[in-house]
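Colleague: Starting off with a structure, shown below.
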Amino acid sequence: MTEAIVVGAGPSGRALAHRLLREGVAVTLVDPAPHRAWRATYACWTDELPHWLPTDSIAAQVNSVDMRSTERVAVRRGYTVLDVEGLQSVLDVSDAHVIVDRTVAVHPDRVTLRSGEHIVADIVVDARGITGRGARQTAFGRIVPRSQALPVLDGAEAILMDWGVFPGLDSQAPPSFLYAIPLDDNRVLLEETCLAGDPALPPSELRRRLDARLAHLSLTQIDDEIVSFGLLGESSPWRSEVMEFGARGGLMHPATGYSVAASLQAAEVVAKAAAAQKDPNDAIWSLSARQVYRLRRAGLRSLLSFDAPQTRRFFDTFAHLPVGRQRAYLSERENLSGVLTTMTNLFTAAGSSTRGAMIRSVLGR
């Protein structure tokens, strides 16, 4: 029987361990707190959900989301908010050998724990998330009763991005947007988000902005949420000596911060390859996937180079693209021609100053 060690019990690591077990692979799962409850909000496009994921892991779904800046556009593509408690339960790892310890060294065939123990396996996967400095996504959100969020939604099922300028925000200041999504039938998350920054806007500033944006409303806060994570893992994760998975392994979209759905999809692919004693890295990193990953990193460099007006105009343009073009760039890891077409469409439609910023960012200037 093939044996695997998965380091990290977050959504990506747990999903991989779960699918490996389903494929008959013996799994050792290592994490300092493997049963800690997840508190973050995880969401994805509905068509990204893998076929094997049961409905127990879904908290809310909408048929379209608004994108707002100088205009309001309804994007007719389903969007899903995951039930984190349900997702954690669905990704059952009860048949794994779970080690509660911190990992200090990871090698292709063995792991060294802080306790000094060495464990070995045929396959070792590092799924501990992105570390280090560089571009980050940050956010501060308030969870409020759905009835109180209705004026914000203004007839929309959800708001993916609202880049609108409001009293108290300098239109030239580093931009942020409002994200407003239902968490269930009774609660809505209203979150001010810095999509990508180096340095990123701190959550304290995003909290100030959120309060200013919503100052005209009377809101009862149920809970809050603070987000801060890195956007850049290895530049070529397929070349890593140790296989990396999830956000750490290049499955996070570097220009959007989404990674959970891609990790859920890839978990089964990796598990089947491991069970068949094939190289799991090759299974998820085709030549097209590698090229798309590089293009997405170029997209992040462009975002970081935009000033506030350029950012708002860019997302106005993106919102008006056909959904298929949006999907290619946002979700399809191996659709090289689709991603190139979308990026070409965006470049062509952009103003001259935005095009200049995009060219300079790609050239590294």
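Colleague: Quick one: which residue in 240, 235, 228 is touching a Pro at 6+ places or on another chain (Cβ under 9 Å) and more than 14 Å from residue 13 (Cα to Cα)? Break it down stepwise before answering.
Modeller: Numbers: 240 fails: touching a Pro at 6+ places or on another chain (Cβ under 9 Å); 235 fails: touching a Pro at 6+ places or on another chain (Cβ under 9 Å).
Criteria check complete, one pass: 228.
Colleague: Scan segment 184-214 for residues that are more than 24 Å from residue 315 (Cβ to Cβ) and in a loop (DSSP other than H, G, I, E, B) and jot them down.
Modeller: Of everything in segment 184-214, those that are more than 24 Å from residue 315 (Cβ to Cβ) and in a loop (DSSP other than H, G, I, E, B) turn out to be 184, 185, 186.
Colleague: In segment 46-75, which residue that is in a loop (DSSP other than H, G, I, E, B) and more than 15 Å from residue 261 (Cα to Cα) is modelled with the lowest pLDDT? Give the steps one after another, and end with the answer.
Modeller: Taking segment 46-75 and keeping what is in a loop (DSSP other than H, G, I, E, B), we get 49-54, 63-64, 69-71.
Pick out the ones that are also more than 15 Å from residue 261 (Cα to Cα) and you get 63-64, 69-71.
Values: 63: 98, 64: 98, 69: 90, 70: 86, 71: 89.
My answer is 70.
Colleague: Would you be able to say whether some residue in segment 140-155 is in contact with a Phe, Trp or Tyr (Cβ under 8 Å, 6 or more places away or on another chain) and under 19 Å from residue 20 (Cα atoms)?
Modeller: Residues of segment 140-155 that are in contact with a Phe, Trp or Tyr (Cβ under 8 Å, 6 or more places away or on another chain), as a first pass: 141.
Retained after the next criterion (residues that are under 19 Å from residue 20 (Cα atoms)): none.
No, that holds for no residue.
Colleague: Continuing with this model, one more query. From (1) surrounded by fewer than 19 Cβ atoms within 10 Å (Cβ to Cβ); (2) not in a strand (DSSP E or B), pick out the condition that doesn't hold for residue 93.
Modeller: (1)
Colleague: Next question. Go through segment 136-165 and give me each residue that's among the charged types (D, E, K, R) and in a loop (DSSP other than H, G, I, E, B). Reasoning before the result, please.
Modeller: In the first step, residues of segment 136-165 are kept if they are among the charged types (D, E, K, R); the result is 136, 142, 146, 154, 157, 162.
Hits for segment 136-165 are 154, 157.
Colleague: Here's a check for you: in segment 1-44, which residue that is surrounded by 15 or more Cβ atoms within 10 Å (Cβ to Cβ) and of a type in the set (Lys, Arg) is nearest to residue 270 (Cα to Cα)? Show your work before the answer.
Modeller: Narrowing segment 1-44 to residues surrounded by 15 or more Cβ atoms within 10 Å (Cβ to Cβ): 2-23, 25-31, 34, 38, 41-44.
So of that shortlist, the ones also of a type in the set (Lys, Arg) come out as 14, 19, 22.
Details: 14: 13, 19: 9, 22: 12 Å.
The extreme case among them is 19.
Colleague: Looking at 56, 47, which is the one that is on the phi < 0 side of the Ramachandran plot, exposed (fewer than 15 other Cβ atoms within 10 Å of the Cβ) and over 18 Å from the mean Cα position of the chain (by Cα)? Working first, answer last.
Modeller: Working: 47 fails: over 18 Å from the mean Cα position of the chain (by Cα).
From the options 56, 47, the qualifying one is 56.
Colleague: Same structure again: What's the number of the condition residue 353 fails, among (1) within 22 Å of residue 250 (Cβ to Cβ); (2) modelled with pLDDT under 95?
Modeller: (1)
Colleague: Let me ask something else. Out of (1) in the same structural domain as residue 269 (by TED's automatic domain parsing); (2) β-branched (Val, Ile, Thr); (3) touching a residue at least 40 places away in the same chain (Cβ under 8 Å); (4) out of contact with any helix residue (DSSP H, G or I) (no Cβ under 7 Å at 6 or more places or on another chain), what's the single condition that is false for residue 62?
Modeller: Going through the list (1) in the same structural domain as residue 269 (by TED's automatic domain parsing); (2) β-branched (Val, Ile, Thr); (3) touching a residue at least 40 places away in the same chain (Cβ under 8 Å); (4) out of contact with any helix residue (DSSP H, G or I) (no Cβ under 7 Å at 6 or more places or on another chain), residue 62 breaks only (1).
Colleague: Here is a list: 241, 234. Which entry is over 22 Å from the mean Cα position of the chain (by Cα), charged (D, E, K, R) and within 30 Å of residue 283 (Cα to Cα)?
Modeller: Values: 234 fails: over 22 Å from the mean Cα position of the chain (by Cα).
Within the list 241, 234, the selection yields 241.
Colleague: Being of a type outside the set (Ser, Thr, Tyr) and crowded, with 16+ Cβ neighbours inside 10 Å is the filter here, so list the residues in segment 63-85 that pass it.
Modeller: Initial filter on segment 63-85 (of a type outside the set (Ser, Thr, Tyr)): 63, 65-68, 71-78, 81-85.
Scanning segment 63-85 gives 65, 66, 67, 68, 73, 75, 77, 78, 81, 82, 83, 84.
The values are calculated or read from the model by the stated rules, or taken from the named source; none is laboratory data. A quick note: this is a predicted structure, and the numbers were derived from the prediction, not measured. Neighbour counts run over all protein chains shown; Cβ positions are idealised from the backbone, glycine included.
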